[in-house]
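Note sheet for the following structure.
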Amino acid sequence: MADLDGTTFLTGANAGFIAELYTRFLEDPDSVDESWRRFFSDLKDDLPAVLAELRGPSWTKPVPWAIGNGAVAAAATDTETLRRATADSIRALQLIRAYRVRGHLEAALDPLGLERRGPYPELDYRTYSFTNADLDREIFINNLFGRERATLREIIAILRETYCGRIGVEYMHIQVPAERAWIQEKFEKRQNHPAYSAVVKKEILRTLTIAETFERFLDRRYTGTKRFGIEGAESLMPALEAILYRGSELGIREFVIGMPHRGRLNVLANFVGKPLAAIFSEFQGNSTNPEHVHGSGDVKYHLGTSGDREVGGKTIHLSLAANPSHLEAVDPVVLGKVRAKQLQRGDSERAEVASVLMHGDAAFAGQGLVAESLELSDLVGFCTGGTIHIIVNNQIGFTTAPSAARSSPYPSDVAKGVQAPIFHVNGDDPEAVVEIARTAAEFRQEFKKDVVIDLFCYRRHGHNETDEPAFTQPLMYRTIARHPTTRQLYAKRLAETGVLAEGEADAMASRFIAELEMQFEAAKSYRPNKADWLEGAWAGLEQAPDDDRRGDTGVASEKLREIGRGLVIVPQGFRLNPKIARQLDAKRRAIESREAIDWATAEALAIGSLCADGTHVRMSGQDSGRGTFSQRHAVLVDQETEARYVPINHVSSGQAPFEIIDSPLSEAAVVGFEYGYSLADPSTLVLWEAQFGDFANGAQVIIDQFVSSGEVKWLRMSGLVLLLPHGYEGQGPEHSSARIERYLQLCAEDNIQVCNLTSAANYFHALRRQIRRNFRKPLVIFTPKSLLRAREVMSPLDEMGPGTTFHRVIAETETIAAEDEVRRVVLCSGKVYFDLAKARTESGEDRIALVRIEQLYPFPFNTLSKVLQRYRNAEIMWCQEEPQNMGAWTFVDRRIEQVLERLDVAAKRPRFAGRAEAASPATGLFKRHVEEQTRLVAEAMAA
Ligand SMILES: Cc1ncc(C[n+]2csc(CCOP(=O)(O)OP(=O)(O)O)c2C)c(N)n1
């Protein structure tokens, strides 16, 4: 070979030869000569990966691995030359790999230039034994960056342009080769140089101009009013536009958006299209809704809105979810909404409805809900085809610096756990931001996975506009004061490159100011003419009426038996666990004899009958398929193949599906998700089950901020059901109490329903009632544990038949003394009733009546009055298992008093029987539990 100069002969074929040598070296180092031995030893573990690269980048046509051509022969004859050239190539490839993995560390991401980063030795060619003398030597790089070979100097220039410009890419943590290759191609092919037309550039500037001018206008007209302005992060707006445009080109028809306070007004007005006049009117202190619509309202930077935008001839629906102050709490809610909307649209590919979630940098790194929500992204019961996350990384959280806000280098690191690619971008380069936003939309559509944009920016003012940031960050804010706005920088760039004519940028701003002034005037007489609710999927539903609200919940017995038969039949050849087979047999007998329907069967009949009537039912929770207490067995498992079979999905032809989902071990994200689902789809019965009721306090934020208050704050109804196992059975502090008191304390303004049920039939009706009425309210049910299979809670099938309904109060069911002779009425709720009934029977007492309050809220004033009216001479006692400072006592006490005050009866106040006040809900000592329980029952029965 004439050209053995160390550059031209080194082809992929030679890499094959080297691979062979390397294999020999691994087997026996002495089988290769000394120079190769030293070479391979120096490379250590890097060689296999580097050799793979020598085959060519996965997105180019690979160079064929033809062994036996002249090059190999030549190489074999001139080992030293080959070794040197190969060493160059391999070291260059090591350098290239280092840039792919860590190039972002030296990218110019911070618009303020304050971040001290690098230099990183891994990105230094000298680390790979190159010297300055090597800079101009050509190296074979086998079609990387479209070049067969390049000098080291050129390679470094390309790498820095690709990986260390104003975009930093983190993708080498992704384990799926196709995803990595896709990203690599995107960045390496264009070397990070978006090329936009003058029209697009002007559009980007226009978007920035609107964003900036809007905030300035608000600042001038409402000086000193909090708005959590976008200033410093204006590039967020072109990013959203780019996602909208590129996403819609790729098939997205609806975006569900969640975001915190920062920049929200801008997004509401200038992206989703909330009328400016409405926003200005809210600034003047007016309500968002017409006067006749009740509700507490919310501050303007928490409100949601929705609207349609025309994009490329298509109508794209945008809906920004309302959210509370609690950062990141809205994330799972948005995901649940997306999932419901995908089903409504028949979007089985999850390509038409997508979520965009915006985050603050401190919140994204700090809030556990972020990790929980990310973890949902690839689960069969929760996936939504990927979320586009944008971290508005203004490098501060209120007054807290990143160094105090997180241990990870970037705020985005938590997303690496789900293998999401992370695109860091300098917010002062709006074209780079647009490019990244487009790429994120493409990645989401291509792989249906989460993707993160880390928008490096800054916050021009304090946390809100009245805060003084220089108290805590004087240096940063001195820099910011001198720093031109993103719009100014970009307008200058466009003017310098001849895209903008003189005065064009100012004219853009003036036009928008004129529009703002006009809308400001219009706001003075702005009156919202209709409330934004009960539309779309909610059309036809209404505000809850002020009546009995029983709903039509009874089901014809024959139909129930037919559904029941479906529950106990399995496909031919399905190998049931023998214990389950016996259980199914018992179930069959119970249904056929119409007697003794247990809790789980009643639940299955309620769900099955709803599905049979076309209602989709969705239930999730930890181990809900089987049931924590091994009671449900909604999913049967073939003992040989582990094939799964859900009988409820086979109860009636043409029925709606029952989705039963074992959830991840999260409460907050899963409850948030299910709540979100229920917001988007009132026609689905959505249930979440806690493993033990007390674990629901992990979802307290969702319960406080959404479930119990969403309707009054935002006019958003939900029919979500929370199933919370509750009851004192001696299992210790954390497996006894579902904290009834917490839910009751939240009750007001007819916001939720709280039930503590003692019969399977009542459970059946409570579930069906959720769907069989013309309004939706969240329902909290305290459910049994050990009682699940107890005879006491079983009901005859006829109690679910036509004409039967839910009972809010269950009056005395036994034959006891004449009503006038009853000396005490013990009111109670839930499991303690059975202990009381047993004690009464055992003692032969017949002058104590036992009355169960099955629905604690809305409190059944009328029904209870009717019941208590009968016992004119009796004293009234409230008995509960929970300590006096817990349970329903403080809630029912004054309400019972109110009932008694209006009645012609002797008693005017209830007395209390229950556990003494306690810091911990229950004892961990079984003996003590039994003593306490015996004592409280004895107190209720005492003479
Ligand atoms: C769960 C929660 N904790 C605390 C707060 C109070 N708070 C509001 S904004 C904020 C700082 C947020 O910083 P970051 O996420 O970086 O967003 P930025 O305000 O900088 O845009 C804090 C601590 C909150 N709203 N929610």
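The values are calculated or read from the model by the stated rules, or taken from the named source; none is laboratory data. Treat the numbers as computed from the prediction; the structure is a model and nothing was measured. Here the Cβ positions follow ideal geometry from the backbone for every residue, glycine too, while neighbour counts run over all protein chains shown.
A few notes on this one:
- Restricting segment 351-363 to residues that are buried (at least 24 other Cβ atoms within 10 Å of the Cβ) and more than 9 Å from the ligand (Cβ to nearest atom), the residue that is farthest from ILE230 (Cα to Cα): VAL353
- Checked against the criteria, HIS193 does not count as at pLDDT 95 or above, not polar (S, T, N, Q) and not in a helix (DSSP H, G or I).
- Single condition TYR301 does not satisfy, out of (1) over 24 Å from TYR458 (Cβ atoms); (2) at pLDDT below 95; (3) within 16 Å of the ligand (Cβ to nearest atom): (1)
- Selection of segment 561-612 for residues being touching a Phe, Trp or Tyr at 6+ places or on another chain (Cβ under 9 Å), over 17 Å from ARG632 (Cβ atoms) and surrounded by 14 or more Cβ atoms within 10 Å (Cβ to Cβ) yields only PHE574.
- Residue in segment 428-437 that is within 16 Å of the ligand (Cβ to nearest atom) and of a type outside the set (D, E, K, R) present: no
- Residue selected from segment 108-130 under the condition in a loop (DSSP other than H, G, I, E, B) and among the aromatic types (Phe, Trp, Tyr), by the criterion nearest to ASN394 (Cα to Cα): TYR120
- Looking across THR162, THR207, one residue alone is buried (at least 19 other Cβ atoms within 10 Å of the Cβ) and either without any contact (Cβ under 8 Å) to a residue 12 or more places away in the chain or over 22 Å from LEU123 (Cα atoms) (or both). It is THR207.
- Among residues of segment 257-298, those that are within 16 Å of the ligand (Cβ to nearest atom) and among the polar types (S, T, N, Q), counted: 1
- Residue list for segment 218-240, filter: under 22 Å from VAL392 (Cα atoms), in a helix (DSSP H, G or I) and touching a residue at least 40 places away in the same chain (Cβ under 8 Å): LEU218, ASP219, LEU236, PRO238, ALA239, LEU240
- Scope segment 638-655; condition buried (at least 16 other Cβ atoms within 10 Å of the Cβ), touching a residue at least 60 places away in the same chain (Cβ under 8 Å) and of a type in the set (S, T, N, Q); matching residues: SER652
- Of ILE243, ILE230, all but one fail to be under 22 Å from VAL452 (Cα atoms), within 15 Å of the ligand (Cβ to nearest atom), of a type in the set (A, V, I, L, M) and modelled with pLDDT of 95 or more; the exception is ILE230.
- Restricting THR485, THR497, THR479 to residues that are hydroxyl-bearing (Ser, Thr, Tyr) and free of Cβ contacts under 8 Å to residues at least 60 places away in the same chain narrows the list to THR497.
- Test: residue in segment 166-188 that is of a type outside the set (Val, Ile, Thr), part of a helix (DSSP H, G or I) and within 29 Å of GLY313 (Cβ to Cβ): yes
- Per-region count, segment 210-237, residues out of contact with any Phe, Trp or Tyr (no Cβ under 7 Å at 6 or more places or on another chain), of a type in the set (S, T, N, Q) and surrounded by fewer than 19 Cβ atoms within 10 Å (Cβ to Cβ): 1
- The set of residues in segment 460-474 that are free of Cβ contacts under 8 Å to residues at least 12 places away in the same chain and away from the ligand (no atom under 14 Å from the Cβ) comprises GLU468, ALA470, PRO474.
- Residue satisfying condition, being charged (D, E, K, R), away from the ligand (no atom under 16 Å from the Cβ) and touching a residue at least 24 places away in the same chain (Cβ under 8 Å), within set GLU310, GLU254: GLU254
- Flag if ILE391 is within 12 Å of the ligand (Cβ to nearest atom), among the aliphatic types (A, V, I, L, M) and buried (at least 18 other Cβ atoms within 10 Å of the Cβ): yes
- The one condition in (1) farther than 25 Å from VAL176 by Cα; (2) more than 16 Å from the ligand (Cβ to nearest atom) that GLY366 fails to fulfil: (2)
- Within segment 673-701, the set of residues being within 16 Å of the ligand (Cβ to nearest atom) and touching a Leu at 6+ places or on another chain (Cβ under 9 Å) comprises ALA699, VAL701.
- Restricted to segment 326-346, and to residues there that are away from the ligand (no atom under 16 Å from the Cβ) and surrounded by fewer than 24 Cβ atoms within 10 Å (Cβ to Cβ), the residue that is nearest to the chain's Cα centre (by Cα) is GLN342.
- Contacts under 6 angstrom Cβ, first residue in segment 343-372 being more than 27 Å from VAL617 (Cα to Cα) and charged (D, E, K, R), partner more than 10 Å from the ligand (Cβ to nearest atom) and modelled with pLDDT of 95 or more, 6 or more apart: none
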